[in-house]
Amino acid sequence: MTRHLITSAIPYINGIKHLGNLVGSQLPADLYARYQRGRGHEVLFLCATDEHGTPAELAAAKAGKPVAEYCREMHAIQAEIAKGFGLSFDHFGRSSSPQNHRLTQHFAGRLAEAGLIGEVSEKQVYSNADGRFLPDRYIEGTCPNCGYDKARGDQCENCTKQLDPTDLIEPRSAISGSTDLEVRETKHLYLRQSGLKDQLDAWIDGKTDWPILTTSIAKKWLHDGDGLQDRGITRDLDWGIPVKKGDDDWPGMEGKVFYVWFDAPIEYIACAGEWAEATGRADAEWERWWRTDKGAQDVRYTQFMGKDNVPFHTLSFPATLIGSGEPWKMVDYIKSFNYLNYDGGQFSTSQGRGVFMDQALEILPADYWRWWLLSHAPESSDSEFTWENFQASVNKDLADVLGNFVSRITKFCRSKFGEAVPDGGAYGAQEEVLIADLQARLRRYETCMEAMEVRKSAQELRAIWVAGNEYLQSAAPWATVKEDPERAAAQVRMGLNLIRFYAVISAPFIPTASARMLSAMNTLETDWPTDVDAALRALPGGHAFTVPDVLFAKITDEQREDWQTRFSGTRD
Ligand SMILES: [Zn+2]
C-alpha cells in the first residue's frame, strides 16, 4: 500500500469558477484520488480557497460586504458546488484559516533566521483621499505600453504587460477615483530566492521522471536573463496574514500583511491541519503526511494545476520549503494542464462567456460533465468545448454504449429469467475470450491511470465498455434463449456481472452512475477487479437485482441549441 498526498491548485475566492478551471486541476486530481482509493491505497486529497490579495478585497467591496464575510460566503458556495461535482476532497480548506496564519508566520520566521529575507525600501503610490497605499489593482491609469486607459497597477488587461503601479500614466485610485496621489517610501520584505538557486537547480535535476515541459519551464526561470529574481512577499493591505516572525512582531512591518503568493501554497500544508482539526485528529495525524521526520518519508505527493501555475510550484513554493531548513515533504510529481477553450473563443469570467460550474449542474448531472471534461482534458495541447461535441460524446459514450448495455441486459433478464441472476449453464469459449480481452484492457487502463494520462484512460475505459457491448451483440442471448436456455442463462449472468465490473472500474470518472449501477446490482462488493475472471463470477446465480431507471438520457438537438444560445455571453 502506498500513501498518496494529492493537492489541487487552490481556486481564487472571487466568484464561481468555469468548466475550464475545473478541468485544469480539481477534476483530474479527483479522478486520481478516487482511483488510488479504489486500488486500496491511503489517500489524503486536499484543496482550499485562495482568499487573500486585492481581488478579494475589491470583489467584497463590489458586493457591499466586509471582506471576511464575503470570503466565508464564497467559500461555502464553492464547497457546495465542489460537492455537486463529486469532488472527493478529504478537506476543502481556506487560506485565511488560523492554521495558515500560524504556518505562514512560522515559515517567514525560519526564512528570516536563515538570512533569506531582506528588507527593501520602495516607492509606492499613496492616496491622500483614501488615507492608504494603493497596491496592485487598487490603482488604475493609462498603460504606458499601449495607451489603454483602464490599465491596473499590476497588469494591463489590454496588452497583458506586467506593470508597477508607478508606471501608470494619469493614475487614479480604484477605490475613490481620486487623483490626489503621491509617491511615498515604504518598506517591504523580499524573499531571497536567488540565494536558493543552486539548491533548487539540484532538486529539479533530480526530477528525471517529470515531463520536459515542466522542468524546462523551471529551468528557464532559474537561468534566463539575470536568473531567479528575489520577490516581494509583503503588501500594505488590511486583509491578509499579518507580517510576523514566527510568534514575534516584526519591527517596521506593523500594519502590513504577507502577499498572497507567499501564503497561498502554504495552505496546502495548513489544509491538512484544518482536516485534522475538523475530524478530531491529533496534530501527529497531519504531520505524518507532511513531515519526513514524522512519517511522511514514504508518502507520494502529487500536485495538479494549470500550466500557468508551474513556475510557482517548481520554484517559489519549494524555495519556501527548502529555505526553512526543516524536513517538509516536497512534491514528487506535478501534473499540469493546458487550457480549455469555449466554442471558438475563450471562457471569460468577466464577460460571462462559457459554462460556469453552478450553471452546469443546473442543466445536467455531474457525471455528464465529468465524462466529457476528462475524456477531452487539455493535456498535450489546449482543447475546445463545443456543444456539438459534448452532445455527440455524451449520447454515444454514455447513453449508447454504457447506458444501453445496462438497460438492455437487465430488462432482458427480467423478461425471461426474472429479477435474479440466472443459474444454469457455464461460461464457454466465447466468455473465455472476453475475459482474456478484458484482462489485457484492464491492465492498459490501470497503466494509463497510474501515469495520469487522463484522455488515454478515458479511451481505454470506453473500449472496455465497447467490448462488453460487442460480446452481448454476438452472444445474442435473446436468440440463444429459444434454442439453448442454459447457454442463454450463462450469457445473461456474464452481462449482469459486467455491470458490476463496469461500476467499479468506472467510479473514478462517473461516481454517481457507478453508485446507481452497484445499487441496481444489489451489491457493496467494490474491491478492484484485479482478477477479471473472478470478478465476472462475483454475482452468483440467484442473486437478486433491480432494473435501474435510465442511466444517461440523450441530449436532444433542441436542448443543445438552447444551451448554445444561453451560454454565448453575459451571465444571467
Ligand atoms: Zn497596455
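Assorted remarks:
- Tally of residues being within 20 Å of ASP562 (Cβ to Cβ), out of contact with any helix residue (DSSP H, G or I) (no Cβ under 6 Å at 6 or more places or on another chain) and either assigned to a strand (DSSP E or B) or at pLDDT 95 or above (or both) across region 310-358: 4
- Any hit, region 136-148, residues being at pLDDT below 90, within 16 Å of the ligand (Cβ to nearest atom) and not acidic (Asp, Glu): yes
- Residue-level analysis places SER383 among those that are closer than 26 Å to TYR35 by Cβ, open to solvent by less than 20 Å² (accessible area, probe 1.4 Å) and either modelled with pLDDT under 95 or aromatic (Phe, Trp, Tyr) (or both).
- Every residue from region 379-426 that is in a loop (DSSP other than H, G, I, E, B) and closer than 21 Å to ALA503 by Cα: GLU419, VAL421, PRO422
- Condition met for ALA29 (surrounded by fewer than 23 Cβ atoms within 10 Å (Cβ to Cβ), touching a residue at least 40 places away in the same chain (Cβ under 8 Å) and either in contact with a helix residue (DSSP H, G or I) (Cβ under 7 Å, 6 or more places away or on another chain) or part of a helix (DSSP H, G or I) (or both)): no
- Scanning region 140-167 for residues that are under 32 Å from the mean Cα position of the chain (by Cα) and open to solvent by less than 20 Å² (accessible area, probe 1.4 Å) gives ALA151, GLY153, CYS156, LEU163.
- Qualifying position, being at pLDDT 95 or above, among the hydrophobic types (A, V, I, L, M, F, W, C), within 21 Å of ASP423 (Cα to Cα) and out of contact with any helix residue (DSSP H, G or I) (no Cβ under 8 Å at 6 or more places or on another chain), among ALA538, ALA544, ALA488: ALA544
- So GLY227, is it at positive phi and either surrounded by 12 or more Cβ atoms within 10 Å (Cβ to Cβ) or within 16 Å of the ligand (Cβ to nearest atom) (or both): yes
- Residue in region 106-121 that is hydroxyl-bearing (Ser, Thr, Tyr), open to solvent by 30 Å² or more (accessible area, probe 1.4 Å) and either touching a Gly at 6+ places or on another chain (Cβ under 9 Å) or at pLDDT 95 or above (or both) present: no
- Of the listed requirements (1) closer than 24 Å to ALA507 by Cβ; (2) under 23 Å from the mean Cα position of the chain (by Cα); (3) modelled with pLDDT under 95, ILE81 misses just one: (3).
- The lone exception for PRO508 - which of (1) surrounded by fewer than 20 Cβ atoms within 10 Å (Cβ to Cβ); (2) closer than 30 Å to GLU450 by Cα; (3) touching a residue at least 24 places away in the same chain (Cβ under 8 Å); (4) not charged (D, E, K, R) it fails: (1)
- Test: THR208 is free of Cβ contacts under 8 Å to residues at least 24 places away in the same chain, away from the ligand (no atom under 14 Å from the Cβ) and open to solvent by 50 Å² or more (accessible area, probe 1.4 Å): yes
- For ARG370, the stated conditions do not hold, so it cannot be described as open to solvent by 60 Å² or more (accessible area, probe 1.4 Å), of a type outside the set (S, T, N, Q), touching a residue at least 40 places away in the same chain (Cβ under 8 Å) and assigned to a helix (DSSP H, G or I).
- When restricted to residues that are surrounded by 22 or more Cβ atoms within 10 Å (Cβ to Cβ) and touching a Phe, Trp or Tyr at 6+ places or on another chain (Cβ under 7 Å), region 58-81 contains 1.
- Test: residue in region 123-132 that is within 16 Å of the ligand (Cβ to nearest atom), open to solvent by 50 Å² or more (accessible area, probe 1.4 Å), at pLDDT below 95 and under 30 Å from GLY323 (Cα atoms): no
- Residues considered: SER97, SER127, SER121. Of these, the only one that is out of contact with any Ser or Thr (no Cβ under 8 Å at 6 or more places or on another chain), among the small types (Gly, Ala, Ser) and closer than 23 Å to VAL257 by Cβ is SER97.
- Out of GLU170, GLU185, sole residue that is within 16 Å of the ligand (Cβ to nearest atom), surrounded by fewer than 17 Cβ atoms within 10 Å (Cβ to Cβ) and in a strand (DSSP E or B): GLU170
A quick yes/no check of all residues on (1) more than 18 Å from the chain's Cα centre (by Cα); (2) not β-branched (Val, Ile, Thr):
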site: VAL331; (1), (2): no, no
site: GLY345; (1), (2): yes, yes
site: LEU361; (1), (2): no, yes
site: GLU379; (1), (2): no, yes
site: GLN391; (1), (2): yes, yes
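The values are calculated or read from the model by the stated rules, or taken from the named source; none is laboratory data. Fair warning: this is a prediction, and the values are worked out from it, not measured in the lab. So basically every Cβ, Gly included, is an ideal-geometry build from the backbone, and we count neighbours across all protein chains shown. Ligands, DNA and RNA are excluded from the accessible area calculation, which covers all protein heavy atoms including side chains. Shrake-Rupley method; radii C 1.70, N 1.55, O 1.52, S 1.80 Å.
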